[in-house]
There are 2 protein chains.
Amino acid sequence: MGGDFGPSVVVPAALDALAQYPHLNLILVGDEQKLLPFLSAASYDESRLRIQHASEQVLMDDSPSLALRNKKDSSMRVAINLVQTGEAAACVSAGNTGALMAIARFVLKTLPGIDRPAIVYPIPVRVDQAEMGRLRMLDLGANVDCQGEHLFQFAVMGSVLAAAIDNIDRPRVALLNIGSEEIKGTEAVKQAAQLLSQTDLNYIGFVEGTDVYQGKADVVVCDGFVGNVALKTSEGVAKMLTSYIRREFTRSLYTKFIAFLAIPILRSIRKRFDPGEYNGATFLGLNGVVIKSHGNAPQHSFKKAIIEAMLEAEKNIPEKIRSEVEQYLVKRTPV
Amino acid sequence: MGGDFGPSVVVPAALDALAQYPHLNLILVGDEQKLLPFLSAASYDESRLRIQHASEQVLMDDSPSLALRNKKDSSMRVAINLVQTGEAAACVSAGNTGALMAIARFVLKTLPGIDRPAIVYPIPVRVDQAEMGRLRMLDLGANVDCQGEHLFQFAVMGSVLAAAIDNIDRPRVALLNIGSEEIKGTEAVKQAAQLLSQTDLNYIGFVEGTDVYQGKADVVVCDGFVGNVALKTSEGVAKMLTSYIRREFTRSLYTKFIAFLAIPILRSIRKRFDPGEYNGATFLGLNGVVIKSHGNAPQHSFKKAIIEAMLEAEKNIPEKIRSEVEQYLVKRTPV
């Protein structure tokens, strides 16, 4: 029960998801005394929702190592334990990202053939003039220094996810680089390109930052430093642009009148670029499904993270990654 | 005379700049036969504009090493030679970036104490609700693998530039990172932070991608891979957003009517985020002023690059960097 809003957002989002997906069952992990008040007034099927009490909480500024060592009865730890024992098919948390990653990695372990889990996130892109789509970009911050082999593993995992969840037949996989020529980029990027060109993946080569939002690829691979900066500068630009637009539309009585007439247009624009519409980052490469929600996600947005977790559990993403990676490991091992 | 449009954009931009700045003198470097037609009909002060003939041209897809070795009479090479001999105070080119950097580095050399030149660019940022400002971000693509010492040098150079050109008393210098805590980031970033905290620079610590456009810093430092991706994804987001806005405003007769009423607002938004308004990337750290214009810059935008070059030459940026860097080199050398 983490995040900026705790049960006041998580519980209504859970009830909402239960109502929408009749086959879904949920376990709320946290302080029972704090959770019950949010449930008492609600009507829901008690056979599909239960509380698992946890006496501690990982705070937003706890260090990952402290959370891992000292908070063995935190809601985060208990929730991940439930995934490990198989009682839960997936874990969703809006809490401390570093702690969630450390605990998930410690308890669930990485899949065979995967050195490091990656954080992946759906990003809105323009498919053409009339259509919006989304792509999966990874890693977004779990790994700051990556070698080619790591980028290669990210690519395999991202391709599995895009195929299974976004229903793309042969996802177009690209490496993020600073130019499309083969000689450009870091050694890691060049090495990953080499490895990817030897696989059956639909590897389409390098893309540049400008291409990310043009819908040229379904999976964009980069190291966690680059991915984190790219994602966050994108958010920053969108925020600056929308705040500037708001300012221009409220500058005078005349512009306010036009803004009034344009309400449906402006609302559609805001909805399209609302970060909450794209909530739910996956920790990919673990023996289990772990989804991180934005800490400040409102209810409709936290629900998106629950749905992402449900879909990934249904499609058994960890197992799909395991078998896909195994294939490449076998191919590379000389007989 | 490079870029996508050649003399048809460069010559009118040059004449425009001459008319606006009475103390400016310009040399047009390129094929005389191609340049003359653009001048014949124009009226200008012949004592302030002359043509320097060059028989060759670096093409957009020439490799930097080929351009450097084989095209000794290219307009690019001749223009940079003019800076080296002191006949010109600065060089502006819209041509092949890699070739321009290779030639500039070979002919002009880097300043003492600077290992690698960096590419720096003014970026629009939001200062507060009512004000827009700009910051200098570097490196934007010249150096893909940087150590802490390189980032440190970029910070010193960026600070000099922001102080002199943007008239900022003590520019706030920040390192781009994936979190504001001290433990985050690559070794290079941590090492640069260590070096910067020992200087008199106004070093304010780490900023994240989201902070870049919030006006929290005047100079943002990163390696060329990260900077290039950040800049280009920003362009991509802005492009996607503005194209989506255009689409929403042209969806129906009603929205088109509102768009008509909103023309002054939409025009102001477009002008603010027109990349052409921020043209002119500086190659910083060389023994001379070299400015790279966008290849597809239109006339008003190429003129901005000329003005940037003029200002940097007037303020003698290379000399200012030399003396600033010298100070730190002396301090670090044990007596």
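The values are calculated or read from the model by the stated rules, or taken from the named source; none is laboratory data. A quick note: this is a predicted structure, and the numbers were derived from the prediction, not measured. Cβ placement follows ideal geometry from the backbone for every residue including glycine, while neighbour counts extend to all protein chains displayed. Surface areas here come from the heavy atoms of the whole protein model, side chains and all, with no ligands, DNA or RNA. Shrake-Rupley method; radii C 1.70, N 1.55, O 1.52, S 1.80 Å.
Output wanted: per-residue J couplings in Hz (rounded whole) for the range A:141-152, from phi through Karplus 6.51 cos²θ - 1.76 cosθ + 1.60, θ = phi - 60°, x for Gly and Pro.
Computed from phi, the couplings for the range A:141-152 are x, 6, 10, 7, 10, 10, 9, x, 4, 5, 4, 4 Hz.
For the range B:115-280, with only Lys/Arg (+1) and Asp/Glu (-1) charged at the beta-carbon, what is the dipole magnitude about the Cα centre, in debye rounded to 20?
Charge dipole, the range B:115-280, about its Cα centre: 1140 debye, nearest 20.
Can you give the relative contact order of the range B:115-280 as a percent, counting alpha carbon pairs under 8 Å and 6+ residues apart?
28 percent
Please turn the phi angles of the range B:283-293 into ³J(HN,Hα) values with the Karplus equation 6.51 cos²θ - 1.76 cosθ + 1.60 (θ = phi - 60°), one per residue in order, whole Hz, x for glycine and proline.
8, 9, x, 9, 6, x, 8, 10, 10, 9, 8
Relative to the other copies, what are the label-point distances for A:S323, with labels 7 Å from Cα along the C-beta vector, expressed in nm at one decimal and sorted shortest first?
Inter-copy label distances (nm, one decimal, shortest first): 7.1.
With labels modelled as points extended 7 Å from the Cα through the Cβ direction, what inter-label distance (nm, one decimal) is found for B:R270 paired with B:S40?
About 3.5 nm, to one decimal.
According to a simple spin-label model (label point 7 Å from Cα along Cα-to-Cβ), what is the distance in nm between B:R251 and A:R48?
Here the modelled spin labels are 3.2 nm apart.
Give me a single rounded figure for B:241-247: the average over its residues of other chain Cβ atoms within 10 Å of their Cβ.
6
Would you mind checking which residues have amide H under 5 Å from B:S74's amide H? H placed 1.01 Å from N; only 5 or more apart, or other chain.
Counting only residues 5 or more places away or on other chains, the set is B:E56.
So, with +1 on the Cβ of K and R and -1 on the Cβ of D and E, and no other charges, what is the size of the charge dipole of the protein assembly as shown about its Cα centre, to the nearest 20 debye?
It works out to roughly 1120 debye.
I need to check one value: relative contact order of the range B:31-131, counting alpha carbon pairs closer than 8 Å and at least 6 residues apart, in percent.
23 percent
In nm, what is the difference between 0.36 nm times the number of residues separating B:L66 and B:Q327 and their Cα-Cα distance?
Extending this stretch completely gives an extra 90.2 nm.
Which part of the range B:24-56 falls in the paramagnetic zone of B:E87, meaning amide N under 18 Å from the point 7 Å along Cα-to-beta-carbon?
It comes to B:25-36, B:46-56, nothing else.
Percent of accessible area on the range A:222-285 owned by carbon and sulfur, 1.4 Å probe?
Carbon-and-sulfur percentage of accessible area, whole number: 63.
What is the mean number of Cβ atoms from other protein chains located within 10 Å of the Cβ atom of each residue in peptide B:262-270, rounded to a whole number?
Mean partner-chain Cβ count within 10 Å for B:262-270: 5.
Can you give the FRET efficiency for B:S55 and A:K190, using 1/(1 + (r/R0)^6), R0 = 41 Å, r = Cβ-Cβ distance, to the nearest 0.05?
Here the calculated transfer efficiency is 0.65.
Between the alpha-carbon centers of the range A:89-116 and the range B:177-225, tell me the distance in whole angstrom.
What the calculation gives is 28 Å, centre to centre.
In deg cm²/dmol, rounded to 500, what helix-only [θ] at 222 nm does chain A give when every DSSP H run of at least 4 residues adds -39500 (n - 2.57) and the total is split over its residues?
Theoretical 222 nm ellipticity from helices: -15000 deg cm²/dmol.
Across the residues of B:219-226, average count of Cβ atoms on other protein chains within 10 Å?
Counting other chains' Cβ atoms within 10 Å and averaging over B:219-226 gives 4.
Over all directions, what mean area does the Cα convex hull of chain A project, stated in square nanometres?
20.0 nm²
How much length would be gained if the chain were fully extended between A:E277 and A:D200, taking 0.36 nm per residue of separation minus their Cα-Cα distance, in nm to one decimal?
24.5 nm
Could you sort the peptides A:257-269, B:284-296 by per-residue average Cβ neighbour count (10 Å cutoff), highest mean leading?
Put in order of decreasing packing, that is B:284-296, A:257-269.
For a quick check: with amide H placed at 1.01 Å from N, whose amide H comes under 5 Å from A:V29's, ignoring anything fewer than 5 positions away on the same chain?
Residues meeting the amide H criterion: A:Q52.
I'd like the Karplus ³J(HN,Hα) series for the range A:28-42: coefficients 6.51, -1.76, 1.60, θ = phi - 60°, whole numbers in Hz, and an x wherever there's a Gly or Pro.
In residue order, the calculated couplings are 8, 9, x, 6, 3, 5, 7, 7, 3, x, 6, 9, 4, 8, 8 Hz.
Relative contact order for chain B: what percent, with Cα pairs under 8 Å and sequence separation of 6 or more?
Relative CO of chain B lands at 22 percent.
Amide H neighbours of A:F206 under 5 Å, counting only residues 5+ apart in sequence or on other chains, H built in-plane at 1.01 Å?
Correct list: A:L175.
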